[in-house]
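K.L.:
One structure follows; several queries about it will come next.
The values are calculated or read from the model by the stated rules, or taken from the named source; none is laboratory data. Computed from a predicted structure; not experimentally measured. Here the Cβ is made from the backbone with ideal geometry for all residues, glycine too, and neighbour counts use every protein chain on show. All accessible areas refer to the heavy atoms of the entire protein, side chains included, with ligands and DNA or RNA removed. Shrake-Rupley method; radii C 1.70, N 1.55, O 1.52, S 1.80 Å.
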Amino acid sequence: MTTRHRVLQKGRLLPGLAGEPDPAAYLAAQGHTFTGLVTSAVFGADAALIEALPSLQVISSFGVGTDSLDLAAAARRGIAVANTPDVLNDCVADLAFALMLDVARGVSAADRFLRRGEWHQGRFRLGQRVSGRRLGIVGLGRIGRTIARRAAGFDMAVRYHSRRPVDGVDWVHEPSLTGLAEWCDFLVVIVAGGAGTRHLIDIRVLDALGPEGFLINVARGSVVDEAALVHALQTGRIAGAGLDVFEAEPNVPAGLLGLDNVVLLPHIASGTAQTRGAMADLVHENLRAFYRDGRVQTPAS
Ligand code: NAP
Ligand code: 8YV
């Protein structure tokens, strides 16, 4: 006999909880009927939602970041939690390089210059070289290592900072984050978000990066002290920034919008048809594995 499972989608992957006119009333009436929850790194699953689903057994999240999932609340109830690691490494790493090249060479700024007709009045300003420069990576996890491998193709010297040196890699571990920022030309942030990394990139790190250094953030907005960053960019304390993520998405500080030394993207690092398709497949596979074997394929930790 086959068992039917009811799976609630937190966000609008297909019509889901977000499409309900009164989500709270819907959960009060129907919450007990769901054994699974599909959500995403952006939509998350907080303790209140988990509590509103008393029969919940499995959460399958679209995305690798777990900062928006209350893992402790899920663990207390013995709920299995899955995310989608690895399948997005390449596209996130590609976008880190897109931001590096764009902000240093002024790709978006030059495009705006041309469209404004300013080429008729003179040449676009000189950019900064990317290849052959120094790349500092904050967080040498799955995506950080993929970024480091890409750097070989650009003849870049690579060092990284994480709480512990990573076994089996040749890149130099820098135990001090400000030391890494002082050393590098491009500081790429790709650590996990959440309380443990909140404002890891603060004014001290930005000052260590200095007026010739570029900050790239493809991790989480919470990792960077955004007010300090805006000030550093406005006053030339760093050269520029490429940002895919912000502290209060989709709100972007007004102070950034008028600056030509920043490239601003709406959280698109994993956003290719191929990668989002692979992430969706893994969300589905995690649910199937759980309902079939009682275990998800890629548990979130
Ligand atoms: P991962 O394999 O878990 O790597 C995370 C790295 O962060 C680890 O190397 C860890 O090393 C380091 N880290 C954690 N806390 C740290 C701290 N306090 N100081 C320094 N390093 C710290 O994760 P991943 O798959 O590479 O993904 C990384 C993050 O990227 C995700 O959590 C997500 O938030 C973000 N992301 C963003 C997008 C986007 O669309 N922009 C897409 C995918 C992922 P130690 O534990 O040794 O310190
Ligand atoms: C996605 C992400 O943008 O994987 C993550 O942690 O932030 C991104 O891949 C997100 O999951 C899509 O909702």
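K.L.:
Based solely on C-alpha atoms, express the radius of gyration and the Dmax of the stretch 151-230 in angstrom.
P.N.:
Taking only Cα atoms of the stretch 151-230, I get Rg and Dmax of 12.5, 37 Å.
K.L.:
Sticking with this structure for a sec: What's the carbon and sulfur percent of the chain's accessible surface, probe 1.4 angstrom, rounded to a whole number?
P.N.:
That fraction is 52 percent.
K.L.:
Determine how many Å³ per residue the convex hull of the Cα atoms of the stretch 210-301 encloses.
P.N.:
Per-residue hull volume (Cα only) is 124 Å³.
K.L.:
In Å², and per residue, what accessible area does the chain have when probed at 1.4 Å with the other protein chains present? Can you show the working numbers first?
P.N.:
Numbers: 15140 Å² over 301 residues.
Result: 50 Å² of accessible area for each residue.
K.L.:
Plugging the Kirkwood radius over Cα pairs into Stokes-Einstein for the stretch 97-195, at a temperature of 20 °C and a viscosity of 1.002 mPa s, what D comes out in µm²/s?
P.N.:
For the chosen part, D equals 143 µm²/s.
K.L.:
Please list, by residue number, everything in the stretch 73-88 whose backbone N is under 16 Å from a paramagnetic label point 7 Å out along Cα→Cβ of residue 46.
P.N.:
Zone members listed by number: 73-74.
K.L.:
For 120, 284, 5, what's the largest-to-smallest order of accessible area, 1.4 Å probe?
P.N.:
Descending order: 120, 284, 5.
K.L.:
So, one more: Relative to the longest principal Cα axis of the chain, at what angle does helix 142-152 sit, 0 to 90 degrees, rounded to 10?
P.N.:
30
K.L.:
Filter the GluC sites (Glu not before Pro) in the stretch 194-301 down to the DSSP loop ones having no more than 11 other Cβ atoms within 10 Å, then list what survives.
P.N.:
Working: sites: 212, 226, 247, 285; in loops: 212, 247.
Within the stretch 194-301, the qualifying GluC sites (Glu not before Pro) (loop, at most 11 other Cβ atoms within 10 Å) are 212.
K.L.:
If you plug each phi of the stretch 94-107 into the Karplus form 6.51 cos²θ - 1.76 cosθ + 1.60 with θ = phi - 60°, what whole-Hz ³J(HN,Hα) values come out, in order, with x for Gly and Pro?
P.N.:
With the stated coefficients, the stretch 94-107 comes to 4, 5, 4, 5, 4, 5, 4, 5, 5, 6, 6, 8, x, 4 Hz.
K.L.:
Taking H as built 1.01 Å from N, whose amide H comes closer than 5 Å to the amide H of residue 37, not counting residues under 5 places away?
P.N.:
8, 58, 59, 60
K.L.:
I would also like to ask the following. Over the stretch 89-264, what is the relative contact order in percent, taking alpha-carbon pairs closer than 8 angstrom and at least six residues apart?
P.N.:
21
K.L.:
Return the long-range amide H neighbours of residue 241 (sequence gap of 5 or more, or a different chain), with a cut-off of under 5 Å between placed amide H atoms.
P.N.:
215, 262, 263
K.L.:
Okay, next question. Relative contact order for the chain using alpha-carbon pairs under 8 Å, separation at least 6, rounded to a whole percent?
P.N.:
Reported relative contact order: 17 percent.
K.L.:
Additional query: Tell me, what ³J(HN,Hα) does each residue in the stretch 78-93 have, in order and in whole Hz, if you take phi through Karplus 6.51 cos²θ - 1.76 cosθ + 1.60 with θ = phi - 60° and put x for Gly and Pro?
P.N.:
Coupling constants for the stretch 78-93: x, 7, 6, 10, 10, 10, 10, x, 6, 5, 9, 3, 4, 5, 5, 5 Hz.
K.L.:
If you average over every viewing direction, what projected area does the convex hull of the Cα atoms of the chain give, in nm²?
P.N.:
With every direction weighted equally, the projected area is 18.2 nm².
K.L.:
Could you give me the ³J(HN,Hα) list for the stretch 53-59, computed from phi with Karplus coefficients 6.51, -1.76, 1.60 and θ = phi - 60°, whole Hz, x at Gly and Pro?
P.N.:
10, x, 9, 4, 10, 8, 10
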